[in-house]
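What follows is a set of notes on a single structure, which appears directly below.
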Amino acid sequence: MRPTAPLILAATLTAAVGLTACGGGSGSDPDTVKVAYNRSTDNKIRFKDNHLAEVKKQFEKAHPGKKVKLIPIQAQDNDYATKVQQMMRSPKTAPDLVYEDTFRINSDIKAGYLRPLDDYLATWKSWDQFVDTAKAAAKAEDGKTYGVPDGTDTRGLWFNKEIFAKAGLPADWAPKNWDDVLDAARTIKKKVPGVIPLNVYTGKAPGETSVMQGFEMLLYGTGDAGAHPLYDPKAKKWVTGGKGFQDALTFLRTVYSEKLGPDISDALDPNVGTTVYSEWLPEGKLAIALDGSWLGQNWLKTGGKPWPEWSRTLGLAAMPTQHGQAPGKVSMSGGWTWAISAKSKNPDLAWKFIEQLQTKDNAVTWDVVDAQIAVRKDVARDPEYTSSMPGITFFTSLVTYTHYRPTTPVYPQVSTAIGEATEAATTGDSSPEKAAASYDDQLKSIADGATVAAGRG
Amino acid sequence: MTTATKVAAAPTVTPAPPGPRRGRLLRWLPLAPATAMLLLFLGGPIVYCVYIAFTDMQLTGASTTDFVGLDNFRRAFGDEDFRNAVVLTLVFTLLSSLVGQNTLGLGLAALMQRASAPVRTLTGSIVIAAWVVPEIVAGFLLYAFFRREGTLNALLDWLGLPSQNWLYTLPILAVSFANVWRGTAFSMLIYSAALSEIPKEITEAAQVDGAGGLRRFWHITLPMIRRSIGTNLMLNTLQTLSVFGLIWAMTRGGPGNRSQTLPVFMYDQAFNKSLIGYGTAVALLLLLVGALFSVVYLRLMREEV
C-alpha cells in the first residue's frame, strides 16, 4: 500500500491543479466582440439574427483582424434577462455587448452590470439625431447614459374589418372610451359567434407583455392627463393601487368573466403573443387585439406568417382613455438598447460595433425590418422608413400620446407584482380590490416603504 | 508535476512506527480523491448556498449584498405564497409519491410476477420507457396529453364523457398524475427485485395452510419486503420533493399559484423576481423538509422485524 499512496496523492494534486487551471483560463480574446441578444422563440422569425449577421460582416470587413461573436439566446423575455444577468455576473462569461430592454436596464445599471457610455457619446455625431425621450430611455438616476436605443414602439387596437362588417360595426371604428370597446366586443360576441371578440394580455406567464400591452394601457388611461399612476417621479415614490388600478383590473375581469376574451387558459399561456399574430388575427379568429405596433413585421413576405394583404382586412384605432378624458388616447412605449457590459474587456471595440449598428443606413434597415418606430430624426424622415409598412404613420402619430414606464431599478419587480394582480383578478381568484391590496403589500416591500397613495400624484 | 510529487510524497515516506492511528490514516488514503471532490463540488456549493440564504443578494437591481440575518426565513414564514407552496408540495408528494408511484409500482411488480414472460417483458419495457424519457420531454408529452385540445379530452369526447380543461381546473392533480406516470417504473423495479427474493417455500407453506392471496400478501409478502418499501419510499419522496422541470413545463406553477410547489416557488423568487437570497433560503427550507422525511423513514427502517 505504501508505494501507491504518494502516487494517489500526486494524482489528486495534479487533478486539483488542472481543475483550477481550466476554471481561470478562459479569458476573452482582445480581438473579438461578444454580442448577446435575444432570439425569437418563433423559429421562422430571424430578423434580428439576419440583421446582426449582416452588420457583423460589414464590421469585420471595416476592421480587419477583429471578429464578432454573436451569442443568440432563444428564450422568452424573462428567461433571456435572467440568463444574461447571470452571464454578466462573471468576467469569464460576460458578453461585451448586450441587448437590453429599456424597462430592465435601470435595474441592471443599479446592479453594476453595465458601463456608462458618456465618454463615447460625447464624441459621437449621430447622438444628436436621437430624440430626447430616446436619449433619456437609458439614462440612470446618476445622470449617466448606459445604452443606445435602436427604436421604440407604440400600442393600439388592431381590429378585423370583415368581422366588424358582419357585426354591423363601422370600418372606421374609433372608440371614445372603455365602454365603447366593451360594447363592440359584446356586439361581436352576440352577432358573430365563434370568434374571440377582444384580446387583452393578462397574467403572469406572458411576462411584461401582459403588464405593458394589457394592464398599463388601461391604467395610464384612468387618470387625468399628465398623471403618473405607477410612480411619482417628483416625490420619488411608488403609487399604491388606487381606484384607477382597481378599475383596470375590473376591466380585465369583465373581459374574461363575460367571455369577451380568449379562453382563460389560452390567455395565460406564455406563448399567447405568438398565437395572436400567427393564428388568431390572420385566420380571422380574433376581432379586436390590443397589441403593439410591430405586429405587421410578422406578416411581411419574409416574416414568420406571410400575410402581406393584412392592411385590407385589419383596421387600426387608438386605445381610448377610460371615460374619454383628455387627451382621449393612450399608448405605452418601450424599446431596446445596446449596452456594454461592465465586465467587458473590450469596451472600445464593443463601442465600435454599436457605431456600426447605428450607421444611418443600418439604423433605417433595422427599423424597417423589425417594424420599429424610429427614435432618430434622420431615420424618421427617410422615405424607405416612411413607406415601409401600412400603419407606420398611425403608430408614429401615437408618440404624442405615449407614456414611458418608470425608469427605476425596481420596476421589473413591480411589473412581476402587477402580473400577479392581473392573474388573480382575471381568474377570479381575488376580487379587483383584494388583488390591488395584495399588490400594495408587495409594493411596500419592494419599494422599502417608499409608497404614496393614489390620487395625490 | 514532479515537484508536486516530491512535496506531496515527503510526509508519507518519513519512517514512523506503524500504529493504529497511522493504519487508519492509510486506509483513508484511497478515499482521499473522492473526499476531496465531494468537499469541493458538493460541500462547497452547499456552504455557499447557506451563506447566500442569510444575505439579500439580488440578480439585478442592487450592486451590494448585505448580511441580513434571519430576515429571509422570517419573510418566508409570513409569506402566504410560501405557505401555499408548502401545502401544495405536501399534497403533490403524498398523491404522486406515496399513493401513486409506490402503490402502483408494488401492484405492477406483484402482477408481473405472475404474468407470462412475454407479457412481463412488454409491460416492463413500456413502463421503463416512461422513466427513461428525459424529464422535460415527459413534461411536454403530458402537457400535450392534458391540455384543452389534448389527447385526454379527445378520448373523453370519444367516450361521450364531458371534457375538462385539466391544466386549468385541476393543475395539481394533473402534475401529480404526470409524476406518477414518470416515476412508477422506479418503484416497480425495486419491488420486482424485492419480490423475487422471497423464498417460494414460505409462500407455498402458507398456501398449504389455506391462506388466500390477500392474506398471503398481507402477512408474508409485505413484512418480508418492508426494507425495500422503506428504501423505495425514501428515494421516491426525496425525488418528488425536488421535481421542478415537469411542473415548469406543464403549468409553470399556474394558473395563479395553484400548482406552485416549493421548487417552482423557489425558482420564481430567485430568477423571476431576482431575489436570489430569498430563493436560496427557501431552498434550504426545502432541504429541511426532505431531511425530516428521511429521518422518519430511516427510523422506520431501523426497527427489526
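I'm checking my understanding of the structure. Among residues of segment A:409-434 that are more than 9 Å from chain B (Cβ to nearest Cβ) and out of contact with any Ser or Thr (no Cβ under 8 Å at 6 or more places or on another chain), which one is surrounded by the most Cβ atoms within 10 Å (Cβ to Cβ)?
A:ILE418
Can you tell me which residues in segment B:142-151 are in a helix (DSSP H, G or I), surrounded by 15 or more Cβ atoms within 10 Å (Cβ to Cβ) and over 20 Å from the mean Cα position of the chain (by Cα)?
Selection gives B:TYR143, B:PHE145, B:PHE146.
Suppose we keep only residues that are in contact with a helix residue (DSSP H, G or I) (Cβ under 9 Å, 6 or more places away or on another chain) and modelled with pLDDT of 90 or more within segment A:71-80. Which one would you say is farthest from A:GLY207 (Cα to Cα)?
A:ILE71
Mind listing just one residue for me: the one in segment B:54-80 that is within 24 Å of B:GLY256 (Cα to Cα) and surrounded by fewer than 16 Cβ atoms within 10 Å (Cβ to Cβ) and, of those, nearest to the other protein chains (Cβ to nearest Cβ)?
Step by step, filter segment B:54-80, then rank; the result is B:GLU80.
Restricting attention to segment A:74-100, and to residues there that are away from chain B (no Cβ under 14 Å) and not in a loop (DSSP other than H, G, I, E, B), which single residue is surrounded by the most Cβ atoms within 10 Å (Cβ to Cβ)?
Checking each candidate, the answer is A:LEU97.
Regarding B:ALA76, is this residue within 28 Å of the chain's Cα centre (by Cα) and at pLDDT below 90?
Spelling it out, B:ALA76 is indeed within 28 Å of the chain's Cα centre (by Cα) and at pLDDT below 90.
Name, by its number, the condition in (1) farther than 30 Å from A:ASP153 by Cα; (2) modelled with pLDDT of 90 or more; (3) within 14 Å of chain B (Cβ to nearest Cβ) that does not hold for A:THR32.
(3)
Residue under question is A:LYS237, and the condition is that it be without any contact (Cβ under 8 Å) to a residue 40 or more places away in the chain, away from chain B (no Cβ under 14 Å) and over 23 Å from the mean Cα position of the chain (by Cα); does it hold? I'd like the intermediate steps shown before the answer.
Numbers: without any contact (Cβ under 8 Å) to a residue 40 or more places away in the chain: no; away from chain B (no Cβ under 14 Å): yes; over 23 Å from the mean Cα position of the chain (by Cα): yes.
In short, no.
Collect the residues in segment A:258-286 that are more than 14 Å from chain B (Cβ to nearest Cβ) and touching a Phe, Trp or Tyr at 6+ places or on another chain (Cβ under 6 Å), keeping them in residue-number order.
Within segment A:258-286, A:PRO282, A:LEU286 qualify.
How about segment B:244-277: which of its residues are assigned to a loop (DSSP other than H, G, I, E, B), facing chain A (nearest Cβ under 9 Å) and not polar (S, T, N, Q)?
Hits for segment B:244-277 are B:ARG252, B:GLY253, B:GLY254, B:PRO255, B:GLY256, B:ARG258, B:LYS273, B:LEU275.
When A:ASP172 is evaluated against the numbered criteria (1) within 25 Å of A:ALA371 (Cβ to Cβ); (2) assigned to a helix (DSSP H, G or I), which criterion, by number, is the only one it fails?
(2)
Out of the residues in segment B:98-131 that are modelled with pLDDT of 90 or more and under 13 Å from the mean Cα position of the chain (by Cα), which is surrounded by the fewest Cβ atoms within 10 Å (Cβ to Cβ)?
Only one residue tops the list, namely B:ASN102.
All but one of (1) at pLDDT 90 or above; (2) away from chain A (no Cβ under 12 Å); (3) crowded, with 16+ Cβ neighbours inside 10 Å hold for B:ASN84, so report the exception by its number.
Of the numbered conditions (1) at pLDDT 90 or above; (2) away from chain A (no Cβ under 12 Å); (3) crowded, with 16+ Cβ neighbours inside 10 Å, the odd one out for B:ASN84 is (2).
Got a number for residues in segment B:50-73 being farther than 29 Å from A:ASN106 by Cβ and not aromatic (Phe, Trp, Tyr)? Break it down stepwise before answering.
Taking segment B:50-73 first, the residues farther than 29 Å from A:ASN106 by Cβ are B:50, B:70, B:73.
Imposing the further condition that a residue be not aromatic (Phe, Trp, Tyr) reduces the set to B:50, B:70.
Residues that pass the stated criteria total 2.
The values are calculated or read from the model by the stated rules, or taken from the named source; none is laboratory data. Keep in mind that what you see is a predicted model, and the values were worked out from it rather than measured. Glycine gets a Cβ as well: all are built from the backbone with ideal geometry, and neighbour counts include every protein chain shown.
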